[in-house]
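As structure tokens, the structure follows; a few thoughts come after it.
The values are calculated or read from the model by the stated rules, or taken from the named source; none is laboratory data. Keep in mind that what you see is a predicted model, and the values were worked out from it rather than measured. Cβ placement follows ideal geometry from the backbone for every residue including glycine, while neighbour counts extend to all protein chains displayed. What goes into the accessible areas is simple: the full protein's heavy atoms, side chains included, and nothing from ligands, DNA or RNA. Shrake-Rupley method; radii C 1.70, N 1.55, O 1.52, S 1.80 Å.
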Amino acid sequence: MSTYTAVHLAKRPKSRIVAGETFVTKTHPVPKESDLKDGEVLVQTIYLGLDPAMRGWLNDARSYVPPVQIGEVMRGSGIGVVKASKSPSFPIGTNVSTMAGWTELAIVKEKHLEKVEIPQNGKLTDALGVLGITGLTAYFGLIDIGQPKPGDFVVVSGAAGATGSVVGQIAKLKGCTVLGLAGTDAKCSWLVDDLGFDFALNYKAPNFAQMFRAATKGLIDIYFDNVGGEILDMALARAKPHARFVMCGGISQYNEPVQKGPKNYLVIVSMRIKMQGFIVFDYQDQYPQALRELAQWISEGKIKRKETIVKGGLKEAEQALIDLYKGMNTGKLMVEVTPESKAKL
Ligand SMILES: NC(=O)c1ccc[n+]([C@@H]2O[C@H](COP(=O)([O-])OP(=O)(O)OC[C@H]3O[C@@H](n4cnc5c(N)ncnc54)[C@H](OP(=O)(O)O)[C@@H]3O)[C@@H](O)[C@H]2O)c1
């Protein structure tokens, strides 16, 4: 192989990502071993994780990370294998997770690499899911901001996604009663039958508003919000006094040229709601302890997961990201950039 491909930002979208216009695929010469400096490795991407936040990174706006610049390789986290190394800590063949971006190959400094440790009953892809950013987001958002107590009634939106599916399971481990909201009946069945959620509702069902009111008649202690929009308004209307609203994300608004806030916001005052946003990176120094606990739960079968892996290489990433906002995934969405068997050769 003398060349590799990477996907670069070509044009900032105004609302939805436009296939064939937002991104451009470029071919680059494969770096030589002599291009590596001390402490650097050449990583081949095996799996690329796709995150709703990626749409926000395309906007030229102030946020928790700088926007991806036009011409830059699209930002993204992935799992890869070290193919060449000038780092004694990361010899050839080591599996790593890193933010190399939408690329088949990248030279990465060792300080930006994490070794992938696979726990008992674990698998490589867990490093992008339960043992990656989304699992950590679920963990810190629910435990630190939600402060779950046994008997609390927890509602999770985006419940069949990578983050929401872990939130609901941790809430169950903490003794809570959990209602999950997701976009298909099949996702709702998975939440209740396989993950042990107490209830799940399809928010696209015609009578959803009525079913939501019935399911929340005991009122909500913790609302873990992944979606914003109308569902956030409905949850506000059903909040218990002193409810905690964990503001993790608002996917319903990410592609909107003008984002809408909640109409019911005065309930925050009347019900003395604690509504707090967070960014998982703020908990970086606590990751090791959280990962130990999450790995333990995986080993004991207390946290289950599904993942949606799009095959076909990096060329599938753009459409897969577009489809993420349409709910094509159950659990973590990722693209298989290089089949594991090929990457190891
Ligand atoms: N604060 C942080 O540090 C942090 C870190 C990571 C992720 N997040 C946020 O966490 C949320 C979940 O991220 P994830 O990576 O776990 O993604 P995900 O939940 O695995 O995937 C996104 C899901 O959102 C649902 N969705 C799409 N459009 C929707 C809409 N209009 N209304 C309701 N649901 C919709 C879809 O499922 P349905 O079939 O159910 O519609 C889709 O599968 C996102 O808001 C993300 O930005 C925050």
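Among beta bridges identified by DSSP and lying wholly in the chain, the antiparallel ones come to about 55 percent.
Sorted largest first by accessible area at a 1.4 angstrom probe radius, with every protein chain in place, the residues R55, R75 fall in the order R75, R55. In the chain, the longest principal axis of the Cα atoms and the axis of helix 287-299 are about 80 degrees apart. Counting charges near Q147 (Lys, Arg +1; Asp, Glu -1) among other residues having Cβ under 12 Å from its Cβ returns a value of +1.
Counting only DSSP H runs of at least 4 residues, each contributing -39500 (n - 2.57), and dividing by the residue count of the chain, the helix-based mean residue ellipticity at 222 nm comes to -5500 deg cm²/dmol. Probing with 1.4 Å while keeping every protein chain in the model, the per residue accessible area of the chain equals 46 Å².
3J(HN,Hα) along the range 131-138: 9, x, 4, 6, x, 5, 5, 4 Hz, from the Karplus curve 6.51 cos²θ - 1.76 cosθ + 1.60 with θ = phi - 60°, whole Hz, x for Gly and Pro. Once divided by 2.2 N^0.38 Å, the Cα radius of gyration of the chain becomes 1.01. Computed on protein heavy atoms with a 1.4 Å probe, the accessible areas place Y254, Y64, Y265 in the order Y265, Y64, Y254, largest first. The order of T330, T103 by accessible area, most exposed first and with a 1.4 Å probe, is T330, T103. The K123 and S189 beta-carbon pair, evaluated with R₀ = 25 Å, returns a calculated FRET efficiency of approximately 0.60. A 1.4 Å probe, protein heavy atoms only, puts the accessible area of M234 near 40 Å². First select every other residue whose beta carbon is under 14 angstrom from the beta carbon of K111; then total the charges, Lys and Arg +1, Asp and Glu -1. Result for the local shell: 0.
Within the full protein context, the accessible area of V258 is estimated at about 110 Å² for a probe radius of 1.4 Å.
Summarising the overall dimensions of the range 115-230 from its C-alpha atoms, the Rg and Dmax are 14.2, 48 angstrom.
Here the chain is treated with +1 on each Lys and Arg Cβ and -1 on each Asp and Glu Cβ, and its dipole about the Cα centre works out to around 560 debye. Using a Gaussian network model of the chain in which every pair of alpha carbons under 10 angstrom is joined by a spring, one finds that among L266, L181, L50 the greatest mean-square fluctuation is at L266.
Rounded to the nearest 20 debye, the dipole size of the range 133-281 about its Cα centre is 440 debye, using +1 on the Cβ of Lys and Arg and -1 on the Cβ of Asp and Glu. All distinct Cα pairs of the range 1-109 go into the 1/r average, and the inverse of that average, the Kirkwood radius, is 14.8 Å.
Stretching H242 away from K260 to a fully extended chain increases their span by 4.1 nm, per 0.36 nm per residue minus the current alpha-carbon distance.
Summary of the geometry: the range 288-330 and the range 1-74, compared by the centres of their Cα atoms, lie 20 Å apart. E307 exposes around 50 Å² of accessible area when a 1.4 Å probe is run over every protein chain in place.
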